[in-house]
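Engineer: Sharing a structure with you now.
The values are calculated or read from the model by the stated rules, or taken from the named source; none is laboratory data. Keep in mind it's a predicted model, so treat the numbers as computed, not measured. Note that each Cβ is placed from the backbone with ideal geometry, even for glycine, and that neighbours are counted across all protein chains shown. Side chains included, ligands, DNA and RNA excluded: accessible areas come from the protein's heavy atoms. Shrake-Rupley method; radii C 1.70, N 1.55, O 1.52, S 1.80 Å.
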Amino acid sequence: MTPYSLAFYVDVVTTGTVLGLRPADSPERVAEVLGAGFGDNAYEYGLCRDHGLVEFYWTRASAEAPWEGHHFSLQVHRLTHRRREFLEPVLRERYGRFAPRLRFDKLRRLLERRGVPLVEIPEDPANAPYYRTFWQPESEVEISVIGTQDEYRTPGDLRVGDVSAIRAPLTADGVEIRRERALGRLL
């Protein structure tokens, strides 16, 4: 059995879901599963619902249109603050305590043992070499890892090799765009 929060992260990377929630699920469905304790950052065409560790994002074509799921993000770096509001009660109940840091090498080993490969993809030039990104093609999950410390570009409480965030989905087309940018073909 994978201890504590590692099982949660393995589940997310393997399935591309958070407790079964897909990036396309509605704000109501997300609140039903993660709970009503969240903060909204809403504007006419976008909504970010911040549950603590987990954030879900939606967009819409007009103020009258329904919200369409865009992506979710796990703000893993927040756990270093060791504040209870950064971890949803449902996650604590299901997975127990969460370590303040997630070491990428440990997560990668657990995923490899389960036959879940990760591929390193080019980082956005604005974030390289401070961050490195790894991608799981089947679940379309990306993992952002601290590559190099920098006082102004990386959180001071994370070390090289710590996971900063986990997001989904990142499609194969999105990966190709990053590769093209890295080769200088797209600006």
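Engineer: Which condition number does residue 145 fail, the rest of (1) in a strand (DSSP E or B); (2) over 23 Å from residue 55 (Cβ atoms) being met?
Structural biologist: All conditions pass for residue 145, except number (2).
Engineer: Of the conditions (1) acidic (Asp, Glu); (2) open to solvent by 60 Å² or more (accessible area, probe 1.4 Å); (3) closer than 21 Å to residue 11 by Cα, residue 162 clears all except one; give me its number.
Structural biologist: Of the numbered conditions (1) acidic (Asp, Glu); (2) open to solvent by 60 Å² or more (accessible area, probe 1.4 Å); (3) closer than 21 Å to residue 11 by Cα, the odd one out for residue 162 is (2).
Engineer: Name, by its number, the condition in (1) of a type outside the set (Val, Ile, Thr); (2) touching a His at 6+ places or on another chain (Cβ under 7 Å); (3) loosely packed, with under 15 Cβ neighbours inside 10 Å that does not hold for residue 115.
Structural biologist: (2)
Engineer: Could you please let me know if residue 115 is free of Cβ contacts under 8 Å to residues at least 24 places away in the same chain and either aliphatic (A, V, I, L, M) or over 21 Å from residue 25 (Cα atoms) (or both)?
Structural biologist: On the way: free of Cβ contacts under 8 Å to residues at least 24 places away in the same chain: yes; either aliphatic (A, V, I, L, M) or over 21 Å from residue 25 (Cα atoms) (or both): yes.
For residue 115, the condition - free of Cβ contacts under 8 Å to residues at least 24 places away in the same chain and either aliphatic (A, V, I, L, M) or over 21 Å from residue 25 (Cα atoms) (or both) - is met.
Engineer: Next up: Got a number for residues in the stretch 1-52 being within 24 Å of residue 119 (Cβ to Cβ) and in a strand (DSSP E or B)?
Structural biologist: Looking only at the stretch 1-52, we keep the residues that are within 24 Å of residue 119 (Cβ to Cβ), and these are 2, 5-18, 22-24.
Checking the rest, the ones that are also in a strand (DSSP E or B) come to 18.
Of the residues in that region, 1 qualify.
Engineer: Could you figure out which of (1) buried (at least 17 other Cβ atoms within 10 Å of the Cβ); (2) under 15 Å from the mean Cα position of the chain (by Cα) isn't true of residue 95?
Structural biologist: Every condition holds for residue 95 apart from (2).
Engineer: Check whether at least one residue in the stretch 35-56 is surrounded by fewer than 14 Cβ atoms within 10 Å (Cβ to Cβ) and closer than 21 Å to residue 137 by Cα, and report yes or no. It would help to see each step written out before you state the result.
Structural biologist: Restricting attention to the stretch 35-56, the residues satisfying the condition of being surrounded by fewer than 14 Cβ atoms within 10 Å (Cβ to Cβ) are 36-37, 39-46.
Next cut, closer than 21 Å to residue 137 by Cα only: none.
Checking the stretch 35-56: not a single residue is surrounded by fewer than 14 Cβ atoms within 10 Å (Cβ to Cβ) and closer than 21 Å to residue 137 by Cα.
Engineer: Let me ask another. Tell me, please, whether a residue that is over 23 Å from residue 162 (Cα atoms), at pLDDT 95 or above and not charged (D, E, K, R) can be found in the stretch 69-83.
Structural biologist: As a first pass, look at the stretch 69-83 and keep what is over 23 Å from residue 162 (Cα atoms): 69-70.
Subsequent filtering for residues that are at pLDDT 95 or above retains 69-70.
Remaining after also requiring not charged (D, E, K, R): 69-70.
Within the stretch 69-83, one or more residues are over 23 Å from residue 162 (Cα atoms), at pLDDT 95 or above and not charged (D, E, K, R).
Engineer: Please tell me if residue 33 is closer than 22 Å to residue 144 by Cα and touching a residue at least 40 places away in the same chain (Cβ under 8 Å).
Structural biologist: Numbers: closer than 22 Å to residue 144 by Cα: no; touching a residue at least 40 places away in the same chain (Cβ under 8 Å): yes.
Judged against the criteria, residue 33 is not a match.
Engineer: Could you check the stretch 154-187 and list, in sequence order, the residues that are part of a loop (DSSP other than H, G, I, E, B), free of Cβ contacts under 8 Å to residues at least 12 places away in the same chain and at negative phi? Even if it seems obvious, please write down each step before you answer.
Structural biologist: Taking the stretch 154-187 and keeping what is part of a loop (DSSP other than H, G, I, E, B), we get 154-161, 169-171, 183-187.
With free of Cβ contacts under 8 Å to residues at least 12 places away in the same chain added as a condition, the list becomes 156, 183-187.
Within the stretch 154-187, 156, 183, 185, 186, 187 qualify.
Engineer: With respect to the numbered conditions (1) surrounded by 12 or more Cβ atoms within 10 Å (Cβ to Cβ); (2) in contact with a Gly (Cβ under 7 Å, 6 or more places away or on another chain); (3) more than 25 Å from residue 50 (Cα to Cα), which one is the sole condition not fulfilled by residue 87?
Structural biologist: Condition not satisfied by residue 87: (3).
Engineer: Something else about it: When you scan the stretch 103-112, do you find a residue that is at pLDDT 95 or above, farther than 26 Å from residue 160 by Cα, crowded, with 16+ Cβ neighbours inside 10 Å and under 14 Å from the mean Cα position of the chain (by Cα), even just one? Can you show your working first?
Structural biologist: First pass over the stretch 103-112, keeping only residues at pLDDT 95 or above: 103-112.
The next check asks that each one be farther than 26 Å from residue 160 by Cα; those that pass are none.
No, the stretch 103-112 contains no residue that is at pLDDT 95 or above, farther than 26 Å from residue 160 by Cα, crowded, with 16+ Cβ neighbours inside 10 Å and under 14 Å from the mean Cα position of the chain (by Cα).
Engineer: Return only the number of the condition from (1) farther than 19 Å from residue 154 by Cα; (2) at pLDDT 95 or above that residue 88 does not satisfy.
Structural biologist: Unmet for residue 88, out of (1) farther than 19 Å from residue 154 by Cα; (2) at pLDDT 95 or above: (2).
Engineer: Which of the residues that make up the stretch 134-157 are within 20 Å of residue 6 (Cβ to Cβ) and either among the β-branched types (Val, Ile, Thr) or at pLDDT below 95 (or both)? Working first, answer last.
Structural biologist: Step one: filter the stretch 134-157 for residues within 20 Å of residue 6 (Cβ to Cβ), giving 134-136, 138-139, 141-146, 157.
Across the stretch 134-157, the qualifying residues are 141, 143, 145, 146, 157.
Engineer: Ok, one more. Taking the stretch 134-153 as the search range and keeping residues that are free of Cβ contacts under 8 Å to residues at least 24 places away in the same chain and among the polar types (S, T, N, Q), which one is farthest from residue 80 (Cα to Cα)?
Structural biologist: 148
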